[in-house]
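The values are calculated or read from the model by the stated rules, or taken from the named source; none is laboratory data. Just so it is clear, the structure is predicted and the values come from calculations on it, not from any experiment. Here the Cβ positions follow ideal geometry from the backbone for every residue, glycine too, while neighbour counts run over all protein chains shown.
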Amino acid sequence: MNVILADIPFVRLRDGLPNDLLEGSSTFSATIAEAQRSLDPPSVHLDWHTKALRCGDQSITMPPVQLAFYAWMLERRVQGLPPLHWTDEENPSLATQFLRVYARLHGETGGYEQVASALTSGMTKAYFEERKSNVNNLLKRTLGAARAQVYQLHSHGRRPATRFGLTLSPAAVVLER
């Protein structure tokens, strides 16, 4: 009987996995399947009618205001519009653009009045930065740090001209009306 020894490489998966897998609440098979999904080409699908968002084959649940913010950024990417800074002056204003997206997704009932009230002075730094941060953190928690990277909102340019938006290819985004 012969025994053959071989080096087996160690595959580091930690950065590519969502938190629920890292916390041990998942099976080995689910962990391997998730690691394999991280190799799939990125794609985003947003169904405006059902408010369903998918990054790759993973469903993403976001609070209404975060979903509207992300939908706004997705729409800008598909339309070829540039990344944003909260001080940008566009016509219509950034606050108006965002409110229109929010109303299309969620209607003008419920939380709309609260969002409109928060934007009475226009798009503020605090409002913009908080939405951007919340979207990125939610994507990171759901998808894992490495896999979320392609779907997150990133900085473009250098200070003081830094803008924020998606780096994802517009062809990878499907906005279903």
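Within the range 42-60, the residues that satisfy the criterion of being in contact (Cβ under 8 Å) with a residue 12 or more places away in the chain and out of contact with any strand residue (DSSP E or B) (no Cβ under 6 Å at 6 or more places or on another chain) are P42, S43, W48, H49, K51, G56, D57, Q58. Scanning the range 161-177 for residues that are surrounded by 18 or more Cβ atoms within 10 Å (Cβ to Cβ) and part of a loop (DSSP other than H, G, I, E, B) yields a total of 1. Within the range 115-160, count every residue that is among the β-branched types (V, I, T) and either assigned to a helix (DSSP H, G or I) or on the phi > 0 side of the Ramachandran plot (or both). The qualifying residues number 4.
Answer with yes or no whether S93 is hydroxyl-bearing (S, T, Y), more than 12 Å from the chain's Cα centre (by Cα) and surrounded by fewer than 16 Cβ atoms within 10 Å (Cβ to Cβ). Yes.
Which is hydrophobic (A, V, I, L, M, F, W, C), in contact with a Phe, Trp or Tyr (Cβ under 9 Å, 6 or more places away or on another chain) and closer than 14 Å to Y70 by Cβ, of L153, L119, L99, L94? Within the list L153, L119, L99, L94, the selection yields L153.
Scanning the range 105-115 for residues that are surrounded by 15 or more Cβ atoms within 10 Å (Cβ to Cβ) and at pLDDT 90 or above turns up L105, H106, Y112, V115. Quickly run through the range 39-74 and pick out the residues that are surrounded by 21 or more Cβ atoms within 10 Å (Cβ to Cβ) and either at pLDDT below 90 or of a type in the set (S, T, Y) (or both). Correct list: Y70 only. Is there a residue in the range 123-143 that is buried (at least 18 other Cβ atoms within 10 Å of the Cβ), more than 15 Å from the chain's Cα centre (by Cα) and within 22 Å of T167 (Cβ to Cβ)? There is at least one residue in the range 123-143 that is buried (at least 18 other Cβ atoms within 10 Å of the Cβ), more than 15 Å from the chain's Cα centre (by Cα) and within 22 Å of T167 (Cβ to Cβ).
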